[in-house]
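Here the structure is laid out as structure tokens; the discussion comes afterwards.
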Amino acid sequence: MSGPQPVAKPELAVAANAQSGPLIRSGHNRFADTIFYVAMLACGVCVLALVCLIVYELSSKSSLSWHAFGWKFFFQSDWDPVNDQYGALPFVYGTIISSILALLIAVPLAVGVAVFITEMSPPWMRGPLAFTTELLAAIPSVIYGLWAIFVLVPLLRLYVQPWLARYFGWTGLFSGPPFGIGMLAAGIILAIMVVPIISAITREVMTAVPQQQREAVLALGATRWEMIRTGVLRNARAGIMGGIILGLGRALGETMAVTMVIGNRPEISKSLFAPGYTMASVLANEFSEASGDLYLSALVEVGLALFLVTIIVNIIAQFLVWTVTRGTPARGHA
């Protein structure tokens, strides 16, 4: 007759499972973490590889033009595909002038909108106004171009350009026939397109300014305008400049809307009424028509220059914004 069988204590079984379970789960978690790390690393490497591949392709495809013209390519004005003579100076000039004109119009408007939303707007208006401003960035550029052709260009041709020519034609900037289409139209449409970018960055860096800074300035007896000017804008000026440069990067690379209203003529003129050309526009208009190897290489070299300039501008802008917003929590508004 067998004796009583030993009964396993429940607490011993639980202790055994508690010891083996974490070991199994720990090994599984380490494997999952490794897979996740490798996947995220692959994503980051793919982005870097894509940028490097773009630079390599643009550099290799533009080598023929580079060897044929060298640095003179960016300082001569001839653009003659029939005789294989190419110079990018009119496109560089048109890109710079249209972008600077856009910033002159957009910066005061964008900063004013950001100041009103951040510091002065009533709560019921703040959300809709911020949403409407950001909505401008979501509109396709071809829609801006169509609006400019049917609305902006007639207004410029019938009212704005004759008035500018009458009172400011002596400067040379507003002379010539008022066609409506030209550098002025391109600058205005670019200004409308970069306002959301500059306004959004300005609001971000203004929000990053501590609330105690505002209260301290007001406690010293400053008015609201003095508080905004000395306590907010002065502390956020580096970030605001970064937003302006970021808007400049957008203006430099904009293609479709500018192509539809700038006139697309490779010439250098002092008057803002005259047609012009930009680096992005010449690529959009002539790339499909480039039949010769040198012609195609010259266009690719224009694209390479535009790509490098845009990358450098965006790096500078991001650095300036980071100098203001690093480590600062966002300030909420009631």
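Taking amide H positions as placed 1.01 Å from N in the peptide plane, with prolines and chain starts having none, which residues 5 or more places from TRP79, or on another chain, fall under 5 Å of its amide H?
GLY87
Need one word for the range 87-213: rounded, prolate or oblate. Basis is the Cα gyration tensor (sqrt eigenvalues a ≥ b ≥ c); a/c below 1.5 gives rounded, then a/b vs b/c decides.
Verdict is prolate for the range 87-213.
What's the carbon and sulfur percent of the chain's accessible surface, probe 1.4 angstrom, rounded to a whole number?
70
Once a ≥ b ≥ c are taken as the square roots of the eigenvalues of the Cα gyration tensor of the range 43-109, is the result rounded (a/c under 1.5), prolate (a/b larger than b/c) or oblate (a/b not larger than b/c)?
Taking the square roots of the gyration eigenvalues as a ≥ b ≥ c, the range 43-109 is oblate.
Rounded, prolate or oblate: pick one for the range 188-328, where a ≥ b ≥ c are the square roots of the eigenvalues of its C-alpha gyration tensor, a/c under 1.5 means rounded, and failing that, prolate if a/b is larger than b/c, else oblate.
prolate
Just checking my list (1) 20.3; (2) 21.4; (3) 24.1 against Kirkwood radius over Cα pairs in Å computed from this structure; which label fits?
Identified label for the calculated read-out: (3).
Please tell me the relative contact order of the chain in percent, rounded to the nearest whole number, where contacts are Cα pairs under 8 Å and at least six residues apart.
Value for the chain: 25 percent.
Let's see if you can work this out: charge +1 on each Lys and Arg Cβ, -1 on each Asp and Glu Cβ, no other charges. What is the dipole magnitude of the chain about its Cα centre, in debye to the nearest 20?
Taking the Cα centre of the chain as origin, the dipole is about 1180 debye.
Which residue, chosen from LEU294, ALA284, ALA305, occupies the Cα position most advanced towards the positive end of the dipole of the range 230-312, where the dipole is computed from +1 (Lys, Arg) and -1 (Asp, Glu) charges on Cβ about the Cα centre?
My answer, from the dipole projection, is ALA305.
Under a Cβ-only charge scheme (Lys and Arg +1, Asp and Glu -1), can you give me the dipole magnitude of the range 135-270 about the Cα centre, in debye to the nearest 20?
220
Give me the extension gain from LEU109 to TYR56: residue separation times 0.36 nm, minus the current Cα-Cα distance, reported in nm with one decimal.
15.2 nm
Short version: ³J(HN,Hα) in whole Hz for each residue of the range 60-75, in order, from phi by Karplus 6.51 cos²θ - 1.76 cosθ + 1.60 (θ = phi - 60°), x for Gly and Pro, what are they?
5, 6, 9, 5, 5, 5, 4, 5, 7, 10, x, 5, 4, 4, 8, 10
Which order do GLU204, GLU267 take when ranked by solvent-accessible area (1.4 Å probe, heavy atoms of all protein chains), largest first?
Solvent-accessible surface, decreasing: GLU204, GLU267.
With θ set to phi - 60°, apply the Karplus curve 6.51 cos²θ - 1.76 cosθ + 1.60 along the range 268-284 and write out the HN-Hα couplings as whole Hz, x wherever there is a Gly or Pro.
3J(HN,Hα) across the range 268-284, in whole Hz: 10, 9, 6, 6, 7, 7, 6, x, x, 8, 10, 5, 5, 5, 5, 5, 5.
I'd like to check one number: the per residue accessible area of the chain, probe 1.4 Å, reported in Å² as a whole number.
56
The values are calculated or read from the model by the stated rules, or taken from the named source; none is laboratory data. None of these values were measured; they are calculated from a predicted model. No Cβ is skipped: glycine too gets one built from the backbone with ideal geometry, and neighbour counts run over all protein chains shown. Ligands, DNA and RNA are stripped out before the accessible areas are found, and what is left, the full protein with its side chains, is counted by its heavy atoms. Shrake-Rupley method; radii C 1.70, N 1.55, O 1.52, S 1.80 Å.
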